[in-house]
């Protein structure tokens, strides 16, 4: 039965950003399902909420942005319920994007399933009590009971139920304990015992605000909700919070008993991880581990196989062969031999022209086949028809882009998201943030920004999406700028490393020094120049635990899917654009335009300009284009500096425009052109 | 019997040494920060102890049963008194 307690009308507009002004209608009404009972999962970060969501909804899950924001809401269905997952939050409020979105979704919820960490009731109960004060129908899952037991934490569940006035189900989500009673438990959700004086005040407000939940938001000073109903926001938030906190503390005193157990191994490791002496070596070990697994294994071995063998050697030629049968093409075959040192070099090259495709010229086709069959070879297709070339040619949307997205990007994204999930679930990530906090505050960020910064080395696009978790717009701006300017993604890194290896140790040193200096300079400068203050680190450190494979896999799967959905279209569009540029001759025109900069200011050969333009589509193309140019070591440093500081790929640009808005995004984008060529030229002045 | 001492210097969480316990006197002035602190149990009158002090000022506190990490600027703006201060 559809029961919801907000006074909304069916065609309400969904725009919930607080700073966009007047919204007299409900924020989430049109976003949430109107035909089923809405079940919303709510809980603090890291309580295991996603396991519940996945259990309820299975594989068919739709992830989409809450309208007007970049916060993602997952939705699925289970029986009669439309199930929504919300971001982990410490409370319902308007303090940041995630809490604002969670607030709007919760206001529209028919039933709230509140997942709570049994080991950390003192942190989690505030949110629970706030939900109860809101008058929502709540069912609580007391999760991680096994861990609580192991740590000697005893909870009087019956007493907790009595005090909250809502049903409480002990669970162990990862092992599925308690899940057999989950459906019945959710159905038994009820409104609980709000704090009595508060409840009376909310009751008095009802005729003006439509629901107890919205009334509470108004009393707690939420300007957006207050404006929706044309009432002034309350000024009592702090008192209400203190009152609620005291109520939580009293409940904890009566409900939780901790047997003094020896500090567990996990707790000791957790403490060491964040300590000044042991913490640093642990950090270096973790970073090294990341480098080995992702940098060497995935970016190296796996990608060499998937991109090199499957993509470049199998899939693309097969597709192009098929097209070449009917479309006019010039096919150039390069026979390759490995010389004594294992280096590949071209033994012989031959071009075959098929004006009407290979099917129309079986004799010529046979000649080409026999030349190919001789051994290892590289094969290049140039199609006569510009349209065919755009879709199936060298930068073809259906050839190169598919290889790039499926065989290069996907393994890397999976690797990085899996690593992130392991770091999160093990409880190490907040400790990592704590260790680097001081360093990052110098750049106007705080410890949490380490997440997008690390992910940036995987894929700047992916990292830009992650900047959403930062506290203020100011920090998002700074982090995005640093990411777009100074962080080479893994696609680029492999090529950069190879080029630097060829250029010598001194070259590598100069390159690293320049990039690091720019990185620090940007952060420091932005911190000085941008108005406002960044949010300080205020994190709870969850207990360290062994990550559960199933949970890691589920998180990785959801995030990878969401990212691929968001970024893939842009790679196609970018490839189309470059292909079109190449076919129309504009690419050459553009290179000519850049020539004075390239040769005069940067002192590089003019073809380097082409490499830069290529870098707009795929960053590794930018770098790889430099291979063929036989640059001197110092020239290599200049060129690599430029492509690193230069804009990241098109997908990254598009995501940034979405996250930061068009105006700010374009400023950052154009700024990186200026920075790249500016710094590159300065370096050239010094070392060339 | 404690000596009656003249005005006790105002101490912040940054002055708390490892293992030392203290009571929170006041939270920082920013209303959003205050609310976020209260939610996590950092209220005026709450007792905390310092678990870790990192060079640079980041602090890890232990409350009832939680560990909280606070950045330097936040730690510096939360004033405390120890039992000895209260006399």
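Could you check, for the range A:191-204, whether at least one of its residues is away from chain B (no Cβ under 14 Å), surrounded by fewer than 17 Cβ atoms within 10 Å (Cβ to Cβ) and in contact with a strand residue (DSSP E or B) (Cβ under 8 Å, 6 or more places away or on another chain)? Yes, there is a match, as at least one residue in the range A:191-204 is away from chain B (no Cβ under 14 Å), surrounded by fewer than 17 Cβ atoms within 10 Å (Cβ to Cβ) and in contact with a strand residue (DSSP E or B) (Cβ under 8 Å, 6 or more places away or on another chain). Just one of the listed residues (A:101, A:92, A:119, A:105) is within 11 Å of another protein chain (Cβ to nearest Cβ), crowded, with 22+ Cβ neighbours inside 10 Å and within 27 Å of residue A:661 (Cβ to Cβ), and it is A:92. Does residue A:598 meet the test of being assigned to a helix (DSSP H, G or I), within 28 Å of residue A:618 (Cα to Cα) and either within 14 Å of another protein chain (Cβ to nearest Cβ) or in contact with a strand residue (DSSP E or B) (Cβ under 7 Å, 6 or more places away or on another chain) (or both)? No; evaluated as a whole, the condition is false for this residue. Taking the criterion of being touching a strand residue (DSSP E or B) at 6+ places or on another chain (Cβ under 8 Å), more than 14 Å from residue A:333 (Cα to Cα) and assigned to a loop (DSSP other than H, G, I, E, B), the only residue of the range A:370-391 that qualifies is A:384.
In the condition set (1) away from every other protein chain (no Cβ under 14 Å); (2) without any contact (Cβ under 8 Å) to a residue 12 or more places away in the chain, residue A:214 is compliant with all but (2). Does residue A:230 satisfy being part of a loop (DSSP other than H, G, I, E, B), at positive phi and assigned by TED's automatic domain parsing to the domain that holds residue A:198? Taking the combined requirement at face value, the residue satisfies it.
Considering each residue of the range A:497-509 in turn, none proves to be assigned by TED's automatic domain parsing to the domain that holds residue A:560, crowded, with 21+ Cβ neighbours inside 10 Å and under 20 Å from residue A:454 (Cβ atoms). Within the range A:436-464, the set of residues being more than 14 Å from every other protein chain (Cβ to nearest Cβ) and either surrounded by fewer than 24 Cβ atoms within 10 Å (Cβ to Cβ) or without any contact (Cβ under 8 Å) to a residue 40 or more places away in the chain (or both) comprises A:451, A:452, A:453, A:454, A:455, A:456, A:457, A:463. From the list B:47, B:79, the lone residue that is more than 9 Å from every other protein chain (Cβ to nearest Cβ), under 10 Å from the mean Cα position of the chain (by Cα), crowded, with 17+ Cβ neighbours inside 10 Å and modelled with pLDDT of 90 or more is B:79.
Considering only the range B:20-35, state which residues are facing another protein chain (nearest Cβ under 8 Å) and in contact with a helix residue (DSSP H, G or I) (Cβ under 9 Å, 6 or more places away or on another chain). Give the derivation first.
Of the range B:20-35, the ones facing another protein chain (nearest Cβ under 8 Å) are B:31-35.
Result: B:31, B:33, B:34, B:35.
Which of the following residues is on the phi > 0 side of the Ramachandran plot and crowded, with 18+ Cβ neighbours inside 10 Å: A:176, A:221?
Working: A:176 fails: crowded, with 18+ Cβ neighbours inside 10 Å.
Sole residue among the options that is on the phi > 0 side of the Ramachandran plot and crowded, with 18+ Cβ neighbours inside 10 Å: A:221.
Taking the options A:449, A:479, name whichever one is in contact with a helix residue (DSSP H, G or I) (Cβ under 8 Å, 6 or more places away or on another chain), modelled with pLDDT of 90 or more and closer than 20 Å to residue A:280 by Cβ.
Numbers: A:479 fails: closer than 20 Å to residue A:280 by Cβ.
Exactly one residue qualifies, and that residue is A:449.
Out of A:620, A:588, A:628, one residue alone is at pLDDT below 80, surrounded by fewer than 20 Cβ atoms within 10 Å (Cβ to Cβ), assigned to a helix (DSSP H, G or I) and at negative phi. It is A:628. Against the definition (touching a residue at least 12 places away in the same chain (Cβ under 8 Å), part of a helix (DSSP H, G or I), touching a strand residue (DSSP E or B) at 6+ places or on another chain (Cβ under 8 Å) and farther than 28 Å from residue A:581 by Cα), how does residue A:335 come out, yes or no? Considered against the rule, which asks whether it is touching a residue at least 12 places away in the same chain (Cβ under 8 Å), part of a helix (DSSP H, G or I), touching a strand residue (DSSP E or B) at 6+ places or on another chain (Cβ under 8 Å) and farther than 28 Å from residue A:581 by Cα, residue A:335 comes out as no.
Is at least one residue of the range A:532-549 more than 14 Å from chain B (Cβ to nearest Cβ), in contact with a helix residue (DSSP H, G or I) (Cβ under 8 Å, 6 or more places away or on another chain), in a helix (DSSP H, G or I) and crowded, with 16+ Cβ neighbours inside 10 Å? Scanning the range A:532-549, I find no residue that is more than 14 Å from chain B (Cβ to nearest Cβ), in contact with a helix residue (DSSP H, G or I) (Cβ under 8 Å, 6 or more places away or on another chain), in a helix (DSSP H, G or I) and crowded, with 16+ Cβ neighbours inside 10 Å, so the answer is no. Of all residues in the range B:60-76, those satisfying the criterion of being crowded, with 18+ Cβ neighbours inside 10 Å and within 9 Å of chain A (Cβ to nearest Cβ) are B:60, B:63, B:66, B:67, B:68, B:69, B:70, B:71, B:72, B:73, B:74, B:75. Total residues in the range A:465-486 satisfying the condition of being assigned to a loop (DSSP other than H, G, I, E, B) and surrounded by 24 or more Cβ atoms within 10 Å (Cβ to Cβ): the figure is 1. Within the range A:57-73, can one find any residue that is closer than 23 Å to residue A:168 by Cβ and in contact with a helix residue (DSSP H, G or I) (Cβ under 6 Å, 6 or more places away or on another chain)? No, the range A:57-73 has no match at all.
For every residue, the table says whether it meets (1) at pLDDT 90 or above; (2) surrounded by fewer than 14 Cβ atoms within 10 Å (Cβ to Cβ); (3) touching a strand residue (DSSP E or B) at 6+ places or on another chain (Cβ under 9 Å).
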{"position": "A:251", "(1), (2), (3)": "yes, no, no"}
{"position": "A:256", "(1), (2), (3)": "yes, no, yes"}
{"position": "A:259", "(1), (2), (3)": "no, yes, yes"}
{"position": "A:263", "(1), (2), (3)": "no, yes, no"}
{"position": "A:268", "(1), (2), (3)": "no, yes, no"}
{"position": "A:271", "(1), (2), (3)": "no, no, yes"}
{"position": "A:291", "(1), (2), (3)": "no, yes, no"}
{"position": "A:295", "(1), (2), (3)": "no, no, no"}
{"position": "A:308", "(1), (2), (3)": "no, no, no"}
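Checked against (1) within 14 Å of chain B (Cβ to nearest Cβ); (2) closer than 25 Å to residue A:667 by Cβ; (3) surrounded by fewer than 24 Cβ atoms within 10 Å (Cβ to Cβ); (4) in contact (Cβ under 8 Å) with a residue 60 or more places away in the chain, residue A:515 passes all but a single condition, namely (1). If only residues of the range A:241-282 that are assigned to a loop (DSSP other than H, G, I, E, B) and facing another protein chain (nearest Cβ under 10 Å) are counted, the one that is farthest from the chain's Cα centre (by Cα) is A:275. Scanning the range A:412-435 for residues that are surrounded by 22 or more Cβ atoms within 10 Å (Cβ to Cβ), within 14 Å of chain B (Cβ to nearest Cβ) and in contact (Cβ under 8 Å) with a residue 40 or more places away in the chain yields a count of 7.
Does at least one position in the range A:45-68 carry a residue that is modelled with pLDDT of 90 or more and in a loop (DSSP other than H, G, I, E, B)? No - not one qualifying residue is present in the range A:45-68.
Right, residue A:314: out of contact with any strand residue (DSSP E or B) (no Cβ under 9 Å at 6 or more places or on another chain) and loosely packed, with under 14 Cβ neighbours inside 10 Å or not? Yes: the conditions hold for residue A:314. Tell me yes or no: at least one residue of the range B:36-43 is assigned to a loop (DSSP other than H, G, I, E, B), more than 7 Å from chain A (Cβ to nearest Cβ) and in contact with a strand residue (DSSP E or B) (Cβ under 7 Å, 6 or more places away or on another chain). Yes: the range B:36-43 contains one or more residues that are assigned to a loop (DSSP other than H, G, I, E, B), more than 7 Å from chain A (Cβ to nearest Cβ) and in contact with a strand residue (DSSP E or B) (Cβ under 7 Å, 6 or more places away or on another chain).
The values are calculated or read from the model by the stated rules, or taken from the named source; none is laboratory data. Keep in mind the model is a prediction, meaning the values are calculated, not measured. Positions of Cβ are generated from backbone atoms using ideal geometry, with glycine treated the same way; all protein chains shown enter the neighbour counts.
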